[in-house]
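Written out below as structure tokens is the structure these notes cover.
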Amino acid sequence: MSIQNNVTVVGTGTAPAVAVALPSRSRRRRPGPAFWAGVSILGTIIIVATWMSFWPPYDPLATVAANIEGMSALHLLGTDNVGRDSLVRLALAGRTSLIISGSAALLAAVVGAALGLVAGYVGGMVDAVIMRVVDALLALPAILVALVVGVIIGNGAIPLIISLGIIFAPTFARVMRAPVIALRERDFVLAAQLSGVRTWKIVLQHLLPNALTPLFVQFASVASAVVLLEAALSYLGQGVQAPEPSAGRMISELTRFMQTQPLLIIAPALLIVLLSAGWNLLADGTQDYLSPRREGGIGGKRRRRPRTSTTPATPATPQTAPPLTTAPSGSSRTTSTVTSTPQEDSQ
């Protein structure tokens, strides 16, 4: 409880109210709406994709009806140009996109965090060399690097994960390096160094656990970017290869039927938007949850200030001028104390 004690008494006025800060009700911080919206979107896609993976109503690779059929009770989203059920293939495309985005972001986090730890802790020439390489990689267009890596190591889901992990590793290196530089001068790190603790133990046991917070936000942000890049590469034929379903490849194959069956294009495009939005909302909600300045995500309430209670004003004792004091008779000096007024001072 904090009490403000700066009380000023002027003339015969009253003492101002004293503001007393009352302890606010302790509440556990909870994730905001953005976090739960992202979890809901991604969770729904995961549930549907898992269901269609284990108990599909139709074989996603087999022809089950006529080509380019419209919506029906048997095929809710119709069929594609080969007669395959579009709903089943769309669900499996969501599964593929989630696996690639999560795996590529995880690979980028591991490689980038390792580079950031080394650069931030060692410093000097090692830091300069690593950061210049990171800057060079960040200056290159991501899709161009993915195309070049795809040509070198081949096409498919595994090469795509490797190439996307290499592309986004520099972003994690920068995110990890900044807190490590701040932490390496802290007392607990210096104490561990003076105690003779090995360098790798200091990095893994003291630096890494205290620098993980920004990595969680960066992971979701990178996963969102991977979703868009994977869809673009699959659209160009350099990502997931046929006959495996992919949202970008479905758009590429069915673009010519957009006039007659627009749902065949809208459905995979909507899936890409939902996946990217889900990861972005999860990143935003995680950042707001871990940030000490706000409680909740988008639309979340700001942290309440402590409640203040104003005590009643207490009357102050009037102040009067001291009486005129005259020296005893026979003395040549007279001592007096007079309280002057503003009018007399001006004269």
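Tell me, how many Å apart are the Cα centres for the range 193-246 and for the range 102-122? The two parts, judged by their Cα centres, are 7 Å apart. Exposure proxy for Met258, Met250: other Cβ atoms within 10 Å of each Cβ, ordered fewest to most, give Met258, Met250. By the count of neighbouring beta-carbon atoms within 10 Å, fewest first, Asp187, Asp135, Asp85 end up ordered Asp187, Asp135, Asp85. Each residue in Phe216, Phe35 was given a count of other beta-carbon atoms within 10 angstrom of its own, and listing them fewest first yields Phe216, Phe35. The string of couplings for the range 140-157 from the Karplus curve (6.51, -1.76, 1.60, θ = phi - 60°) is 7, x, 4, 5, 5, 5, 5, 5, 5, 5, x, 5, 6, 9, x, 9, x, 5 Hz, one whole number per residue in order, with x for Gly and Pro. For Asp85, the residues whose amide H sits under 5 Å from its own are Val64, ignoring neighbours fewer than 5 places away on the same chain, with H placed 1.01 Å from N. If you take all other residues with their beta carbon under 15 Å from the beta carbon of Ser246, and give Lys and Arg +1 and Asp and Glu -1, the sum is 0.
Label separation (Ala232 vs Ile181): 2.9 nm, computed from points 7 Å beyond Cα along the C-beta direction. Model label sites at Val48 and Leu274, defined 7 Å from Cα along the beta-carbon direction, differ in position by 0.3 nm. Summing +1 for each Lys or Arg and -1 for each Asp or Glu among the other residues whose beta-carbon sits under 12 angstrom from that of Ile99 gives -1. Applying 1/(1 + (r/R0)^6) with R0 = 51 Å to the Cβ-Cβ distance of Ser40 and Ala191 gives a FRET efficiency near 0.70.
Just so you know, all these numbers are worked out from the coordinates, no wet-lab data involved. Because the structure is a prediction, the values reported are computed rather than measured. Cβ atoms come from the backbone with ideal geometry, glycine included; neighbour counts cover every protein chain shown.
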